[in-house]
1. Using the count of nearby Cβ atoms within 10 Å as a rough guide to exposure, how do 87, 389, 454 rank from fewest to most?
2. Taking N as the number of residues in the range 438-541, what is its Cα Rg relative to 2.2 N^0.38 Å?
3. Between residue 487 and residue 90, what's the calculated FRET efficiency when r is the beta-carbon distance and R0 is 41 Å? Round to 0.05.
4. So if R0 is 45 Å, what FRET efficiency would residue 113 and residue 185 give, r being the distance between their Cβ atoms, rounded to the nearest 0.05?
5. With labels modelled as points extended 7 Å from the Cα through the Cβ direction, what inter-label distance (nm, one decimal) is found for residue 58 paired with residue 505?
6. Taking the Cα atoms of the range 13-269 alone, what are Rg (to one decimal) and Dmax (as a whole number) in Å?
């Protein structure tokens, strides 16, 4: 049921992320190839620059040329990311990408070289809250999207980027906040894999490294830079795809491009459906010609005596010894079938318990055994493998104790609250997203009567209307859903209760009275509530 018309505040940021994820999954390989070709080469060069400048003995002698090379690599990366945006945008619009000419490539390089170097510094300044970060990042991403060589001048790129940067601040903040949580989770996973990888090589391949001999050797600036670079390569394509979807929806406000894409999607699906129907009809239209199998030759006749002799020779083999009576059957006949069954069952259970005990004790013994005469230790002569095993055993025992205590407490609490009745939660009738299936019909009626006694006739009218919807939903004349409007319910009832003019007339009167009061300027009066109550009785009687 719809409430008052909502003001247009922009799309849902979760829909941006979902659409961007689907866009990346269905993107052509050339788009991601452009992104990773430019970004990987740039990050490798920047990592070399970082390592050389922080550890090189002669770094001061070639600082200027190294810095210029790093800047050129940054522009190189932004140019390839602009090509990535171009291919991804063509895939989003379901249109062929514009051909790459020398003039377009020159305009792309000029646009990225003019805008992106300033963004490298302004984004760091914006991170310190001196200027809005969302505006700054959106501005330079818009320059990367629009500066793909299709715009004739830098002024057009700047105007488009400035216009797109000011759209939907709240939604953009929420989208980046969600992506930030994903990036932090991704960074923690990459750090964990980077720390555990040397020990995995030592365990499975026997390869020793400086990190296995001294784990604290990983704590350096190069390790931090490498993990951040890998996180950037995994996370940044999704972030850029989100801003591309944001740019597409912002531009569609003026151009209506989203409607054309929706029509193309419907046309593509209809073509696939028609092709499937044609193929299905062709399969059934083809006459089925029965194939005659060749008749097998008649079997050769075998004499009965020869057949009996062959059967006796086969049955005398060892694998067919089950035909003969078992030696233990005579003993079972003497003991009785019940005593023999109990004895065999006791032996089987005892053998099973002994097998489980032997396997468990053997596993525990092997778990605590040392695999080498000289255990590997990091420092201080402490055998870390044995300490880890003891810690694991203590954790398992503690977990079993905690589970036992929780089971005992839950059983005790269930005995205490066995006779307690659940309390019904009364929904807030002022909430616009309220649906009729949150309470049964009797529940809405009791809520409405309480509101009538309190004098709040407007909310009581809504409760009676929700009771009417709940009654119709219980009779399966309508299907209750959060996204449906009152017009949807009316149309659905017209289809399913066709011919029941009394029910349709009573519902239309109830709907008209509710919408006049809830959405209009009419006041709720006792006469209005009496009319709605009479219509409910008519609906129940129909």
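Nothing in this text is a laboratory measurement; each read-out follows from the coordinates by a stated rule. These figures come from a predicted structure and were not determined experimentally. Every residue, glycine as well, gets a Cβ built from its backbone with ideal geometry; the counts of neighbours run over all protein chains shown.
1. With the sparsest Cβ surroundings first, the list reads 454, 389, 87.
2. 1.01
3. 0.60
4. 0.80
5. Once both label points are built, they end up 10.2 nm from each other.
6. Using the Cα atoms of the range 13-269, the pair Rg, Dmax is 20.5, 64 Å.
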